[in-house]
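All remarks here apply to the structure that follows.
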Amino acid sequence: MIRALFADESGATAVFTALSLAAVMGFVALGIEAATGLQEQRSVQNAADAAALAAALGLRADSNRNPLPLAHAVLAQNGIDAASGHQVALRLAQGRWPENPIEVSISRPRSPRFAGLLGDDGGSVEARAVAKLVPEATGCLLGLADSGAIRVGRPSDLVLDGCTPLSTDLGLSRIRTAEADPYRSIPLPAAAGCQAQGSLIRTPTVATSSGGAVFAFCGGLTIAPGGQLLLQPGTYLVTGGPLTVQPGGSLAGRGITLILAAGSAAHFAASAAIDIEAPATGPLAGLAIAGTSPGQASLLAGRSQRIVGAVHLPARTLAFAGSANSPCTHLIASRILISGETRLENRCSGTGTRPLVDRVARLVE
């Protein structure tokens with residue numbers, strides 16, 4: 001009977017199946033845990049990428065802000081903070097903006113359910129992302145208004161050589177957005193007194209800004225037909241009235257900056273002769289015409305208008321036509337209206353002009 005009992009194999013398959021099923025379920029559990037771990041790793045890495053990009057975009061909008069709170073906010077939206085057991089390290093690399101990258105590192109111990117039974121502590125979930133702003137486009141026009149920043153009368157009116165229009169107006173089609181105005185932090189000097197009062201230029205005249213002092217045309221400056229004004233290198237301020245160059249009038253100067261004070265409009269008439277170049281060095285390097293107050297400026301001399309450097313009128317509406325034979329002309333204004341045949345070039349090496357660059361946030365690691 002005992003021999004018969006040992007010889008009886010009925011039920012063996014059920015026992016084998018039960019043992020095999022337990023092993024299979026164990027492998028399934030480990031597979032599920034591994035897949036969950038990969039999903040968690042991917043989720044944490046995506047959050048790190050998003051946080052680094054958000055911080056870089058914050059710097060693009062305002063280079064003076066601390067971008068790290070933006071990264072913390074994005075991580076918190078993804079459930080990653082100290083309360084969830086994550087260790088988060090954010091670092092803004094030392095260096096001059098915008099070259100310095102932003103690094104986001106995340107770490108959290110992993111708590112395995114099934115692998116822990118086999119002595120595996122699960123390690124940790126770790127992620128790292130590095131983002132920075134990289135150049136994408138170079139501009140020669142920068143419109144700063146929220147809407148209608150750059151307008152061109154006819155497509156054929158504007159010819160660009162080596163550059164593209166840039167604007168903070170996101171609604172403009174085929175026009176890129178740009179970082180902050182590169183001249184915004186340059187202080188414009190004031191005049192100690194008036195060197196000329198209510199000037200009306202009818203004959204060849206030379207003005208000299210001596211000793212680095214600002215030469216002030218108080219009461220405005222008008223160059224009549226046949227009048228010629230040559231400005232020696234230096235800084236010139238027009239205040240208390242407009243700067244006007246009438247048809248047939250001539251304004252010229254090398255290494256000069258023309259500053260328009262509050263309330264002083266500017267008008268270069270068609271057929272006026274304009275030939276000015278900004279200083280290549282010094283605190284006002286690259287600035288040919290500048291002014292921070294609201295108002296209007298119409299630089300419409302057309303083919304006889306040559307301006308080398310930047311026209312920087314961030315609070316004004318600038319109407320512009322011309323700029324002939326200039327290797328480097330940059331226009332920066334609240335609104336820019338292009339009319340008539342206008343060619344702008346971006347061969348600015350050696351002119352002191354600061355580049356207008358559109359930068360985009362990219363992951364570099």
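Taking other residues whose beta carbon is less than 15 angstrom from the beta carbon of Thr281, and scoring Lys, Arg as +1 and Asp, Glu as -1, yields +1.
All other residues with a Cβ under 9 Å from the Cβ of Leu160 taken together, and with Lys, Arg as +1 and Asp, Glu as -1, what is their net charge? Result for the neighbourhood of Leu160: -1. In a Debye calculation with equal point scatterers on the alpha-carbon sites of the range 285-365 and no solvent, what is log10 I(q)/I(0) at q = 0.23 Å⁻¹? The computed values of log10 I(q)/I(0) come out as -1.09. Seen from Ala315, the other residues with C-beta closer than 12 Å to its C-beta sum to a net charge of +2, counting Lys and Arg as +1 and Asp and Glu as -1. A simple rule links phi to the HN-Hα coupling: the Karplus curve 6.51 cos²θ - 1.76 cosθ + 1.60 with θ = phi - 60°, which for the range 42-55 gives 5, 5, 5, 5, 4, 5, 4, 4, 5, 5, 5, 5, 4, 5 Hz, with x for Gly and Pro. Derived value for the range 226-349: Kirkwood hydrodynamic radius 14.0 Å. Basis is the mean of 1/r over every pair of different alpha-carbon atoms. Asp81's amide H: which non-local residues (gap 5+, or another chain) put their own amide H closer than 5 Å, with H modeled 1.01 Å from N in plane and none for Pro or chain starts? HN-HN under 5 Å from Asp81: His86. Among 327-335, 288-296, 272-280, sorting by the average number of other beta carbon atoms lying within 10 angstrom of each residue, highest first, gives 327-335, 272-280, 288-296. Relative contact order, whole percent, for the range 260-349 stands at 25, derived from Cα pairs under 8 Å and 6 or more residues apart.
Amide H contacts under 5 Å for Gly352: none, restricted to partners 5 or more places along the chain or on a different chain, H placed in the peptide plane at 1.01 Å from N.
Here, each number is a calculation from the coordinates, and none is a lab measurement. Note that the coordinates shown come from a computational prediction; the quantities given were computed from them, not determined experimentally. Here the Cβ is made from the backbone with ideal geometry for all residues, glycine too, and neighbour counts use every protein chain on show.
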